[in-house]
1. Between 0 and 90 degrees, rounded to the nearest ten: what's the tilt of helix 215-228 against the longest Cα principal axis of the chain?
2. Can you check what the net charge comes to around ARG9, using other residues whose Cβ is under 13 Å from the Cβ of ARG9 (Lys, Arg +1; Asp, Glu -1)?
3. Take the Cβ-Cβ distance between PHE86 and LYS17 as r, set R0 to 22 Å, and report the resulting FRET efficiency rounded to the nearest 0.05.
4. Based on alpha-carbon centroids, what's the gap between region 240-265 and region 148-163 in Å, whole number please?
5. Taking trypsin sites (Lys or Arg not before Pro) as exposed when DSSP calls them loop (any state but H, G, I, E, B) and at most 12 other Cβ atoms lie within 10 Å, what is the longest stretch of the chain free of them, the sites themselves excluded?
6. Given the Cα-Cα distance of ALA10 and LYS130 and 0.36 nm per residue of separation, how much length would full extension add, in nm?
7. Over what distance in Å are the Cα centres of region 168-237 and region 7-49 separated?
8. Taking amide H positions as placed in the peptide plane 1.01 Å from N, state which residues far from ARG450 in sequence (5 or more) or on other chains have amide H under 5 Å from it.
Amino acid sequence: MSTIYQKRRAAVARTLKAAGGGVALLPTAPELPRNRDSDFPYRHDSYFYYLTGFDEPQSWLVIEANGRSTLFCRPKDLEREIWDGFRMGPKAAPAALGVDAAFSVDLLGDKMPTLLENQNALWFPFATHKGLETQVDGWLAKVRARIRLGAQCPQSQHDLCKLLDEMRLFKDAHEMAILRRAGKISAGAHVRAMQTSAAMLRAGAKDGLKGGLREYHLEAELLHEFRRHGSQFPAYTSIVAAGANACVLHYRAGNAPLLPGELCLIDAGCEWGGYASDITRTFPVDGKFTPAQRVLYEIVLEAQYAAVKVTRPGKRFTDPHDAATRVLAQGMLDTGLLSKAKHGKVDDVLASGAYRQFYMHRTGHWMGMDVHDCGDYTEPGSKPREEKDAQGQTVMRKPSRILRPGMVTTVEPGIYVRPAKGVPKEFWNIGIRIEDDALVTAKGCELLTRGVPVEADEIEALMRG
Ligand code: GLY
Ligand code: MN
Ligand code: MN
């Protein structure tokens with residue numbers, strides 16, 4: 001029985017064959033030094049893992065149109081294994097990974113020209129691995145040097161990413177199960193952070209909290225919960241933003257105090273089994289929304305519900321954004337964030353883009369192995385047409401992607417109010433985002449991350465408990 005990785009490799013081989021034959025090559029990610037003698041935690045390349053399930057560094061995969069696959073990996077080395085740990089080694093790889101052949105990565109330079117010789121076309125990931133193009137040129141030069149002996153050099157080069165992006169955009173049952181698990185762990189971490197926030201404030205100095213509750217305390221709770229469930233890493237750097245920090249979109253968890261009466265925005269998700277999750281919740285630090293906070297919170301929540309409703313097959317990727325933006329724009333007019341006298345009605349606000357003062361990002365992105373996952377956001381095969389971009393300039397764009405079962409997108413509307421003239425003071429420095437991960441199903445979508453409450457009343461109840 002072939003593994004999911006063998007099936008995926010076979011699908012790549014079929015595409016190569018249909019395109020007239022050829023060979024695909026794919027390295028994994030490099031190890032990256034952090035500072036002297038210390039590397040960043042190693043993370044494999046997502047494409048490579050997608051086709052192998054193998055997470056050792058210094059590995060390469062070659063797939064030929066006839067279906068044959070070859071792996072290059074680190075050789076067994078007792079000395080290195082004593083220091084750095086187990087290596088699978090090429091001898092064990094065919095049985096463990098289902099590849100047809102495996103060699104030491106030390107032989108890559110010798111074997112690659114032979115693997116490229118007499119192949120019609122070469123597929124490799126463009127502009128993703130530093131120096132890869134130069135390496136490829138070196139191997140092709142070696143093939144070309146043998147032309148007088150009858151060797152053929154590949155006639156064309158293609159971006160392997162494009163082919164794999166389309167495969168990765170549609171999650172199979174195996175991937176869905178992993179994404180559900182990652183979403184569940186992350187939801188639990190958000191619950192833990194909310195509960196800890198209220199509990200630590202209640203316990204206060206009695207519990208040794210002399211410096212007060214700070215952003216890093218909640219980040220520690222998130223990391224603890226991720227790791228104790230076996231998550232290998234956070235899927236991205238966690239945002240834990242106290243009060244006004246929530247209006248900085250790429251804020252990181254820092255050491256700012258979490259003060260009663262303020263909100264805390266947490267955007268954090270774990271990576272589990274090589275797949276991401278991406279959740280944002282915004283909650284009152286002390287467990288009770290103020291009236292101004294609640295008004296804006298309800299608008300963002302309504303926007304999210306509107307977006308989720310149109311996250312279903314047949315809709316376009318941009319439909320959830322448009323639905324959310326309409327609700328947010330109406331809310332901005334209703335609350336006086338945008339003056340009706342100056343900005344008119346909701347359609348005027350949408351046309352002018354005035355809402356961007358308080359909502360400046362998109363409502364979603366593909367999610368999978370990478371938190372901002374690969375996949376075309378426009379419909380393949382469609383013709384470009386005239387559209388207005390964010391600055392009102394006319395640009396030629398293909399129509400947005402049609403949503404289909406198996407795609408996973410986030411749904412993440414928000415409102416961020418920086419102090420400004422004409423903006424009601426009660427809303428100043430409030431930043432709110434609500435984000436969940438949606439798997440498009442046959443009839444609608446499944447929210448993978450709703451294990452953490454989203455209704456204001458539910459959040460208050462959880463934090464009281
Ligand atoms: N956490 C990254 C994002 O929401 O896009
Ligand atoms: Mn996101
Ligand atoms: Mn996020």
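Laboratory data are not the source of any read-out in this text; all were calculated from the coordinates shown. All figures in this text were calculated on a predicted structure; none of them were measured in a lab. No Cβ is skipped: glycine too gets one built from the backbone with ideal geometry, and neighbour counts run over all protein chains shown.
1. 50
2. Charge balance near ARG9 sits at +3.
3. For PHE86 and LYS17, the calculated efficiency is 0.05.
4. 52
5. 211-344
6. Contour length minus Cα-Cα distance gives 40.5 nm.
7. Between the Cα centres of region 168-237 and region 7-49 lies a distance of 30 Å.
8. Residues meeting the criterion, in which the H sits 1.01 Å from N, do not exist here.
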